[in-house]
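Written out below as structure tokens is the structure these notes cover.
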Amino acid sequence: MMTMRSRSPKFRQFGSAITALLLAVIVVLGIMFSGALFRLGSALIVSVSAPASEEYANLPRAVLAGRLKDAEQELARIRYQAVLSSALVAENERLLLELAIREDDETGVGRVVSAPPKTHYDTLLVSLPDNHAVSEGDVALFEGIVIGEVERTGSRAALVRLLTSPGLTTDVRVGEPGAIVVAQGLGGGAYVFDVPSGVSVASGDAVLSASYGARVLGVVGSVVADPDRTTKRVYAHAAAALSDIRFVHFIRPVRSVEDDS
Amino acid sequence: MIRLLLIVAFFSSIVFLHWWVTVLLGIAIIAYSRDYAFVLAGALMLDATYGAPLIPLSGLSFLYTAVFALLITIDLFVRNRLMD
């Protein structure tokens, strides 16, 4: 402090600016990469903790048998859900046909003005024509791939919130037999979800949407199986490169069509 | 002149360039010319244009405004308390 007070005012001004700049950069980097730092810290804690395999080694046979039974029940439940889902989809299609409601009620086409990684929001800013009918809650598609929902609209533009937005959850169907699980967005076009160990999932498998018809949502990137858990973690990514999306179509979900009528 | 160029570049970057360019230009304005109002106005514009609720941040949809407000606070603190 004393040293700085003895300097010239010009030096003080320059020094203050540089200090503020350095602090600002540190703060910004801390905020922007807080998620990565948190994951790194978590990974370090897990890696230095006791090996997970010891958990099984110390467990009595009866407990292991109980866990196995629970896992089998979970798998049976997933299989039942898959069958039930197929039946419901078929019934839904029949009802839509009888009510003369088209599920793909297209409300407009827009040109993408801005896409990730422009900001951290994982949103698409879409320019719309004058006579569009796009409204909040419409689903955005790119070549049949579900990419997001309309967050808000204006007279000439719409903001689409991508399903990969950090923390956003969506129901997906994946693997064989088709397990319906909740996928969580990680941002930047990535998803993560857990599937039961009995469900067969491999890299390159399609991730289908369970909420917007049987449309493709993403592609499985990697599967991490943990022998200590009855589920395996699946990392998936959007089926289209977000930065390459130029045009998107909008459709209105069936529930909105019914609400309008 | 540099001050004007920085401000024009800052607002242009909101529309045309990536977030990190905008953030760097905002920091440059804070440190060089201390035009806090322009920086906050630009951050509000950025959030109003592209912002959506961020679930990990309790639904905050004004991330950049919050970041720049924090940077301005730090800048004021550093200048007033530590450097003078």
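For the range A:174-217, list the strands (runs of 3 or more DSSP E) that sit wholly inside it and hold at least 3 residues that are in contact with a Pro (Cβ under 9 Å, 6 or more places away or on another chain); which are they?
Values: elements: A:179-187, A:190-196, A:206-209.
Hits in the range A:174-217: A:179-187.
Name every residue in the range A:158-177 that is more than 19 Å from the chain's Cα centre (by Cα) and either at pLDDT 90 or above or buried (at least 23 other Cβ atoms within 10 Å of the Cβ) (or both), in order of residue number. If the condition is that a residue be more than 19 Å from the chain's Cα centre (by Cα) and either at pLDDT 90 or above or buried (at least 23 other Cβ atoms within 10 Å of the Cβ) (or both), then A:ALA158 is the only one that fits.
Please work out if A:VAL134 is β-branched (Val, Ile, Thr), outside any strand (DSSP E or B) and closer than 22 Å to B:THR49 by Cβ. Even if it seems obvious, please write down each step before you answer.
Numbers: β-branched (Val, Ile, Thr): yes; outside any strand (DSSP E or B): yes; closer than 22 Å to B:THR49 by Cβ: yes.
So A:VAL134 passes the test.
Within the range A:169-187, can one find any residue that is touching a Leu at 6+ places or on another chain (Cβ under 9 Å), charged (D, E, K, R) and over 21 Å from B:LEU46 (Cα atoms)? Yes, there is a match, as at least one residue in the range A:169-187 is touching a Leu at 6+ places or on another chain (Cβ under 9 Å), charged (D, E, K, R) and over 21 Å from B:LEU46 (Cα atoms). Within the range A:209-252, the set of residues being more than 25 Å from A:ALA158 (Cβ to Cβ), buried (at least 17 other Cβ atoms within 10 Å of the Cβ) and under 15 Å from the mean Cα position of the chain (by Cα) comprises A:VAL219, A:VAL220, A:VAL234, A:ALA236.
Given the criterion among the aliphatic types (A, V, I, L, M), surrounded by 18 or more Cβ atoms within 10 Å (Cβ to Cβ) and either touching a strand residue (DSSP E or B) at 6+ places or on another chain (Cβ under 7 Å) or away from chain B (no Cβ under 14 Å) (or both), identify the matching residue among A:VAL182, A:VAL192, A:VAL150. Before you say what the answer is, go through the steps one by one.
Numbers: A:VAL182 fails: surrounded by 18 or more Cβ atoms within 10 Å (Cβ to Cβ); A:VAL192 fails: surrounded by 18 or more Cβ atoms within 10 Å (Cβ to Cβ).
Answer to the check: A:VAL150.
Does the range B:48-64 include one or more residues that are more than 11 Å from chain A (Cβ to nearest Cβ), at pLDDT 90 or above and surrounded by 21 or more Cβ atoms within 10 Å (Cβ to Cβ)? Checking the range B:48-64: not a single residue is more than 11 Å from chain A (Cβ to nearest Cβ), at pLDDT 90 or above and surrounded by 21 or more Cβ atoms within 10 Å (Cβ to Cβ).
Please go through (1) assigned to a helix (DSSP H, G or I); (2) surrounded by 13 or more Cβ atoms within 10 Å (Cβ to Cβ); (3) of a type in the set (A, V, I, L, M, F, W, C) for A:VAL63 and return the number of the only condition it doesn't satisfy. All conditions pass for A:VAL63, except number (2).
Within the range A:106-128, if we keep just the residues that are at pLDDT 85 or above and not in a strand (DSSP E or B), the residue that is nearest to the other protein chains (Cβ to nearest Cβ) turns out to be A:TYR121. Taking the stated definitions as given, is A:LEU68 surrounded by fewer than 19 Cβ atoms within 10 Å (Cβ to Cβ) and touching a Phe, Trp or Tyr at 6+ places or on another chain (Cβ under 8 Å)? In short, no. Once the range B:1-39 is narrowed to residues that are in a loop (DSSP other than H, G, I, E, B) and over 12 Å from the mean Cα position of the chain (by Cα), the residue that is nearest to the other protein chains (Cβ to nearest Cβ) is B:HIS18.
Considering the conditions (1) buried (at least 21 other Cβ atoms within 10 Å of the Cβ); (2) β-branched (Val, Ile, Thr); (3) touching a residue at least 40 places away in the same chain (Cβ under 8 Å), A:THR119 is excluded by exactly one of them, (3). Of the numbered criteria (1) in contact (Cβ under 8 Å) with a residue 40 or more places away in the chain; (2) in contact with a Leu (Cβ under 9 Å, 6 or more places away or on another chain), the one A:SER114 fails is (1).
The values are calculated or read from the model by the stated rules, or taken from the named source; none is laboratory data. Everything quoted here is computed from the prediction, not taken from an experiment. We place every Cβ from the backbone using ideal geometry, glycine too, and count neighbours over all the protein chains shown.
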